[in-house]
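One structure is given here, and the rest of the page talks about it.
The values are calculated or read from the model by the stated rules, or taken from the named source; none is laboratory data. Quick caveat, the model's predicted, so the values are computed rather than measured. Note that each Cβ is placed from the backbone with ideal geometry, even for glycine, and that neighbours are counted across all protein chains shown. Ligands, DNA and RNA are stripped out before the accessible areas are found, and what is left, the full protein with its side chains, is counted by its heavy atoms. Shrake-Rupley method; radii C 1.70, N 1.55, O 1.52, S 1.80 Å.
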Amino acid sequence: MPSDSMKPIFDDFAELLDSRLQGDIPTTEDSVRYTLFASMLHHRMRPDSVVLECPHPAMPGAQLDTRVFGYCEHDVAIEFKYDRRPPGGKNSNRTQKAGSVFRDLFRLQRANKETGDTCYFIYLTDMEMHGYFNNPENRHQELYALAPHADLLINTSYFSNRPKSFMDELDDPFEAVITNRSKRTLSGGHHLRIYGVRAPDLDSRLSASG
């Protein structure tokens, strides 16, 4: 699939999502997913090509949030995450939440490696995790501040000396190539990232080591 095949859908999705947040409408992770589904329909994607909570092709018992079959002659897998501060203003375990982000990236890497699906991770967050990922002490800026259309190779060394609560969210360290497909600031102090995720090929490994 050409790298920009989903771009009109993602652009429309970001506008719809921003309108929802601007209206201060109660929003959950399912709301985010259905907003993307509305954008898919607007761009004439067939509803019967979309499967929610689809069994993961390489991880028994696991599911992918959304899988689209036969879009532009390719299959698409999407994971969503919406991180926000708990009600009442309490602090959450931000390190654990970061580990959960990487668990989703791992699931997509496995799907791409197994089936060749074009994989995307849609991440919406409020200021709590935005601040966490932007804090140099947490060592995630390279990913979170990745420039639009730029690639980042995450290899096993990325996971060295990480906190236990972070690593407990993962089965094992993994390797993946992450591409920033979209990076936006939305209403209500929200931030949207859409990443492409794929298993690294030999060329990307050689370029990282060289």
Q. Among rounded, prolate and oblate, which fits segment 123-196 when a ≥ b ≥ c are the square roots of the eigenvalues of its C-alpha gyration tensor, a/c under 1.5 means rounded, and a/b larger than b/c means prolate?
A. oblate
Q. Can you list the lysines whose alpha carbon sits under 23 Å from that of Lys164, skipping same-chain ones fewer than 8 residues off?
A. Lys81, Lys90, Lys97
Q | segment 40-89: trypsin sites (Lys or Arg not before Pro) falling in loop per DSSP and having at most 11 other Cβ within 10 Å | A | Arg44
Q: Grab the other residues whose beta carbon is less than 9 angstrom from that of Leu64, score K and R as +1, D and E as -1, and report the net.
A: -2
Q: With +1 on each Lys and Arg Cβ and -1 on each Asp and Glu Cβ, and nothing else charged, work out how big the dipole of the chain is about its Cα centre, in Debye to the nearest 20.
A: 400
(Q) Counting heavy atoms of the protein chains only and a 1.4 Å probe, report the per residue accessible area for segment 100-210 as a whole number of Å². (A) 45
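Where the accessible area of the chain is counted over protein heavy atoms with a 1.4 Å probe, how much of it, in %, is carbon and sulfur?
Within the chain, the accessible surface is 47 percent carbon and sulfur.
Once you have a ≥ b ≥ c as the square roots of the Cα gyration tensor eigenvalues for segment 117-162, tell me rounded if a/c is under 1.5, and otherwise prolate or oblate according to whether a/b is larger than b/c.
On the way: a/c = 1.73, a/b = 1.08, b/c = 1.59.
Cα axes put segment 117-162 in the oblate bin.
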(Q) If each residue of separation counts as 0.36 nm, what is the full-extension length gain between Glu29 and Ala147 once their alpha-carbon separation is subtracted? (A) 40.0 nm
Q: Under 1.5 on a/c is rounded, so check that first for segment 1-142, then, if it is not, pick prolate when a/b is larger than b/c and oblate when it is not; a ≥ b ≥ c are the square roots of the alpha carbon gyration tensor eigenvalues.
A: oblate
(Q) Given an 8 Å cut-off on Cα distances and at least 6 residues of separation, report the relative contact order of segment 1-152 as a percent. (A) 18
Q | Ranking by accessible area, most exposed first, for Met127, Met167 with a 1.4 Å probe | A | Met127, Met167
**Q.** Partners for Lys7 among aspartates and glutamates (Cα-Cα distance below 15 Å; same-chain residues under 8 apart left out)
**A.** Glu15
Q: With +1 on each Lys and Arg Cβ and -1 on each Asp and Glu Cβ, and nothing else charged, work out how big the dipole of segment 26-128 is about its Cα centre, in Debye to the nearest 20.
A: 320
Q) So for segment 121-185, taking the charge dipole from beta-carbon charges (+1 Lys/Arg, -1 Asp/Glu), which of Ile122, Ala145, Leu170 sits furthest toward the positive end? A) Ala145
Q) If ligands, DNA and RNA are left out, what is the accessible area of Leu16 with a 1.4 Å probe, given in Å² to the nearest 10? A) 70
Q | Listed residue (Leu21, Ile194, Thr35) projecting farthest to the positive dipole end of the chain, Cβ model | A | Leu21
Q | Ellipticity estimate at 222 nm from DSSP helix runs (n ≥ 4, -39,500 (n - 2.57)) divided over the chain, nearest 500 | A | -11000 deg cm²/dmol
